[in-house]
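These notes concern the structure reproduced below.
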Amino acid sequence: MEKRKIAYSAIQPSGTFTLGNYYGALKNWVNLQKDFNCCFCVANLHAITVPQVASELRKRTFESYALLLATGIDPNESLVYVQSEVPAHSELTWLLNCCTYMGELSRMTQYKDKSQRQGKNIRVGLFDYPVLMAADILLYQANIVPVGADQKQHVELCRDIAERFNNTYGKTFTLPEPYFGVSGRKINSLQEPTKKMSKSDENQNSYISLLDNKDTIIRKFKRAVTDSEAIIQYDPENKPGVSNLIEIYSCATDKKIPEIESEFSNAGYGDFKLAVGENVAIQLETLQKKFHEYLSDKGELERLMKMNAQKAESIAYRTLSKARKRLGIIEIKK
Ligand code: TRP
């Protein structure tokens, strides 16, 4: 049998997750489990590259882990773990720091954007964030990295670092590729439908949180910005609002776009928005139920975290050890 390829991805446990995160990433991760050996990580060390409140970060780390399980990621099949529980990530970051150029990191567009918002005191961790991300990916010898377009540059940098390391010290790392395979859908803001749906948006009506209740969901869809044409037709260029709602409906029901257009050919925007809201609410209700179940059993959650961290550790350590040897870092048997 052909060996399955390895897929690696991670989410940061910061802020509430939105419908955009779910349809754009998490829902697709679940499907990847069919074809790949998957590793999913709660990247709490990435989260501290911008200021966090400790108690919040702690809480969100558990919540993010519970959310991954609630979406259908199987903790016995896939590797699903918390980044900080596997110290090899931090150590490989250091080794890779010594093979990465300042110029490369200075060119990262996400760094440029984020550092601008930080004012004078830009943290080294923020600058180094892509190297930590490279360490995540390389430790597990990942072949593909399912990410949004905003992370593509980081995966390319990871590949460059790995290639340089391999060329200089001998083959150590698998070269990963960004992966947009199972169409991660790009869900836009409900208020400004040409912008990506974002949890950091000040206007709460612009996004659906995965933990919003049914009434809130329906209210937010009712207020969604559309146009004055009253035709339910997919045309992202001229009708971004309606097209975004069609995308969302399609994700919630697994119906194809033409099917949706004909289903609502005689309907008005009011009815359509209600249908979108109701279907999203039904889907999220199931997700929320599982989320709360996982979260209410801290013991079980910790057991799964521990078991997966141990598995991750043994895989990660093999790679780390190879990299150390290549660099001439001694390892004395304990
Ligand atoms: N930087 C990614 C994001 O914010 C999260 C992440 C951390 C990641 N490590 C990763 C994604 C490794 C893919 C692979 O979305």
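No value in this document is a laboratory result; all are computed from the given coordinates. None of these values were measured; they are calculated from a predicted model. Because the Cβ atoms are built from the backbone with ideal geometry, glycine has one as well, and the counts that use them run over all protein chains shown.
List of remarks:
- Annotation note: GluC sites (Glu not before Pro) in segment 1-84 located in DSSP loop regions with a Cβ neighbour count of at most 15 within 10 Å are Glu2, Glu77.
- Convex hull volume per residue in cubic angstrom - Cα atoms of the chain: 161
- Relative contact order of segment 204-293, defined on C-alpha pairs under 8 angstrom at six or more residues apart (%): 36
- Estimated D of segment 186-334 in µm² per second, where Rh is the Kirkwood radius over Cα pairs and Stokes-Einstein applies at 37 °C, 0.692 mPa s: 177
- For Lys34, the aspartates and glutamates whose Cα falls under 20 Å of its own Cα, not counting residues fewer than eight places away in the same chain, are Glu2, Asp74, Glu77, Glu177, Asp254.
- Note that segment 89-98 has calculated 3J(HN,Hα) couplings of 4, 5, 5, 5, 4, 4, 4, 6, 3, 7 Hz, one per residue in order, obtained from phi through the Karplus relation 6.51 cos²θ - 1.76 cosθ + 1.60 (θ = phi - 60°); glycine and proline are x.
- Ranking of Met307, Met197, Met108, Met102 by count of other Cβ atoms within 10 Å, fewest first: Met102, Met307, Met108, Met197
- Between segment 137-193 and segment 42-98, the Cα center-to-center distance that results, in Å: 17
- Amide H contacts under 5 Å for Asn188: Met197, restricted to partners 5 or more places along the chain or on a different chain, H placed in the peptide plane at 1.01 Å from N.
- Projecting the Cα atoms of Ser209, Pro258, Gly277 onto the dipole axis of segment 204-293, where Lys and Arg carry +1 and Asp and Glu carry -1 at the beta carbon, places Ser209 farthest toward the positive end.
- Residue-by-residue Karplus 3J(HN,Hα) for segment 270-287, coefficients 6.51, -1.76, 1.60, Hz, glycine and proline x: x, 5, 4, 4, 5, 5, 4, x, 5, 5, 5, 4, 4, 5, 6, 4, 5, 4
- If only the Cβ of Lys and Arg carry +1 and only the Cβ of Asp and Glu carry -1, the dipole of the chain around its Cα centre is close to 1280 debye.
- Per residue, the average separation of C-alpha pairs within less than 8 Å and at least 6 apart gives the chain a relative contact order of 22 percent.
- Between helix 54-70 and the chain: long-axis angle, C-alpha atoms, 0 to 90°, nearest 10: 70
- Quotient of Cα Rg and 2.2 N^0.38 Å for segment 137-270, N being how many residues it contains: 1.41
- Cross-link pairs exceeding 22 Å in C-alpha to C-alpha distance, out of Lys27/Lys290; Lys112/Lys199; Lys195/Lys222; Lys3/Lys334, comprise Lys3/Lys334.
- Cα long-axis angle, helix 124-139 against the chain (0 to 90 degrees, to the nearest 10): 80
- Under 5 Å, built H, 5+ apart or other chain: amide partners of Tyr179: Val145, Val147
- Each stretch of four or more DSSP H residues adds -39500 (n - 2.57); spread over every residue of the chain, this sum gives -16500 deg cm²/dmol at 222 nm.
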